[in-house]
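The values are calculated or read from the model by the stated rules, or taken from the named source; none is laboratory data. In this text, all values refer to a predicted model and were calculated from it rather than measured experimentally. Glycine gets a Cβ as well: all are built from the backbone with ideal geometry, and neighbour counts include every protein chain shown.
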Amino acid sequence: MKKYIKLFAVSSLFVLGACSEDFLDTEPSTTKVEENFYKTPTDAYQGLIAVYDILQREAYGGPLLISEQASDDCFGGYGTADAQGDIEWDRFLFVSNKDMNADAWKNAYLGIYRANILLENLDKVNWGSDTALKTRYEAEARFLRAHFHFQAAKMFGDIVPLDHTITSTEFQLPRQAAEVTYALIANDLKFAADNLSNDNYSQRGNANYGRITKWAAEAYLARTFLFYTDYYKKADLAGVITKAQAVTYINDVVANSGHGLVADFANLWLAASFENFVGEDNTEMVWAVRFNGSGKGDWSLNEGNRFQVNIAPRGGSIGKYATGWGGATVNPKLYNAYENGDTRRDATIINYAGEGLNFDQQARDQRQYTGYSWKKYCPITNAAGTAVVEANGGNFQIDNYQDYAIIRFSDVLLMAAELNLTTNAALAQTDYDRVRDRAFKNALHRLPVTQARIMEERRLELALEGQRYFDLIRQGVDKAKAAIDNSTGDSQFSVTFRTETQGWFPLPQSQIILSNGTITQNPGWN
């Protein structure tokens, strides 16, 4: 029996379900199986691209959309006749679809699976004298494995950490304590940070833009350190990274990466700037998932950004904003949280009335209409009012092309301010000031840096970028409840955060069934 088939079945544990023995005994129809594939650096490169490929699937039905709907910044949205799942993410319910988080789970484990296959086969490749290339591929694959583990762990809490492709005797592994998963994450990120070069790929047109860098790994170490130590009330990252080390890593990114802030916040976002858009290969993007519109309506490809249609205006294009499904309508509390003069508000959020746009919620069948929706990531129209993606021969649902920013340099600065706050207050103040100064385009709105102010700045700076919900729960479920609970206005906007869930999302019921009892549902979701 070829190992290729066995590995596919292992993937099916998390993705598709059980397989028959007849299927397992079937010979592969392709001549490229694991035993004869990994021979050259080109083979290894193709294996690495296969790991990166999963990133493009994450945005659709993944942590970005789900966590924003669950946060205090958005409601569920979509159409009045649409499925209830998005309302349930918003209201912390688990009724209509017991597999509502299946995509998030599946994509995380598919990424882990592909990373493990590559890592287990690197020694089979004839690297010649280029051992540095092998180290680079290992570092990138281990970073991605850490990323996929973190995507699952921050949503579901205790998960099944995998540092190898599992055998048939391991099909029903139980979840492990968080420290086990985070030790694997930390070791993988540390290897990447310590073994990648000092290259910065954010220069315009760089062929490596979107690939992992030392700077992305160091920043990601800081992100996981803050989440883990805050949520689990620990002093270090699973016994692997101390706070002093986390500080050193993040300060290195600030001081030595070559990344910086784009002068005008609005110019980071296509729908906010148009002719002044700085492009996605800009100095602020420490790491982003790349997309393009090359699919031209081919649903079998994942090259386009399938997330963008979810949050675009429902019922047809309006003004410069192209049509979409009206998901995750923006809470007015977020719009009103910005101070006068803060340029981020109107670059982040569409204010229909404020921009003179007549949005008829009934005619457009918009559920939970608030008057506000996403400007970040919103697709745009051309001068004739046609969606740009359609004018270029694409499908507006699957061929949008804007990259998804996972780590921006402003996030790095705020993480640095947070990590340095108690040991180097002056440096923390400087990092915090840089973000505030850019937001207001002057130095007249500076405030003494505190932990509470850093967290509020993160909300405003990183709004609608998938960080808010996780920033809330790492501060504690009581803090999350105080922010998320909503009883103002129409009852359709009523939200009650349930502290018994401990902030975790429900596991897909299919995975609990497949585990034969070794995996149990998260608290509060039975």
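Numbers for the structure displayed
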quantity	calculated
Residue satisfying condition, being surrounded by fewer than 24 Cβ atoms within 10 Å (Cβ to Cβ), out of contact with any Phe, Trp or Tyr (no Cβ under 6 Å at 6 or more places or on another chain) and among the β-branched types (Val, Ile, Thr), within set Ile49, Ile66	Ile49
Wholly within region 296-385, helices (runs of 4 or more DSSP H) carrying at least 1 residues that are in contact with a Phe, Trp or Tyr (Cβ under 6 Å, 6 or more places away or on another chain) and of a type in the set (S, T, N, Q)	308-311
Residues located in region 163-201, provided they are in a helix (DSSP H, G or I) and of a type in the set (Asp, Glu)	Glu170, Glu179, Asp188, Asp194
Single condition Gly210 does not satisfy, out of (1) within 16 Å of His147 (Cα to Cα); (2) without any contact (Cβ under 8 Å) to a residue 60 or more places away in the chain	(2)
Breaking point among (1) surrounded by fewer than 15 Cβ atoms within 10 Å (Cβ to Cβ); (2) over 30 Å from Arg175 (Cβ atoms); (3) in contact with a Lys or Arg (Cβ under 9 Å, 6 or more places away or on another chain), for Ser491	(3)
Tally, over region 52-104, of residues that are of a type in the set (A, V, I, L, M, F, W, C), in contact with a Ser or Thr (Cβ under 9 Å, 6 or more places away or on another chain) and in a helix (DSSP H, G or I)	3
Only one of Phe8, Phe14 that is buried (at least 18 other Cβ atoms within 10 Å of the Cβ), out of contact with any Pro (no Cβ under 6 Å at 6 or more places or on another chain), part of a helix (DSSP H, G or I) and at pLDDT below 95	Phe14
Test for Ala328: is it of a type in the set (Gly, Ala, Ser) and either at positive phi or in contact with a Cys (Cβ under 7 Å, 6 or more places away or on another chain) (or both)	yes
Identity of the residue in region 109-166, under 29 Å from Asn198 (Cβ atoms) and among the hydroxyl-bearing types (Ser, Thr, Tyr), that ends up surrounded by the fewest Cβ atoms within 10 Å (Cβ to Cβ)	Ser129
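Yes/no matrix, rows are residues, columns are (1) outside the structural domain of Ile512 (by TED's automatic domain parsing); (2) part of a helix (DSSP H, G or I):
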residue	(1), (2)
His147	no, yes
Pro161	no, no
Gln203	yes, no
Ala207	yes, no
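Per-residue answers, yes or no, for (1) touching an Asp or Glu at 6+ places or on another chain (Cβ under 9 Å); (2) crowded, with 24+ Cβ neighbours inside 10 Å; (3) on the phi > 0 side of the Ramachandran plot:
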| position | (1), (2), (3) |
| --- | --- |
| Ala217 | yes, yes, no |
| Tyr220 | no, yes, no |
| Phe225 | yes, yes, no |
| Tyr231 | no, no, no |
| Leu237 | no, yes, no |
| Val240 | no, no, no |
| Tyr249 | yes, yes, no |
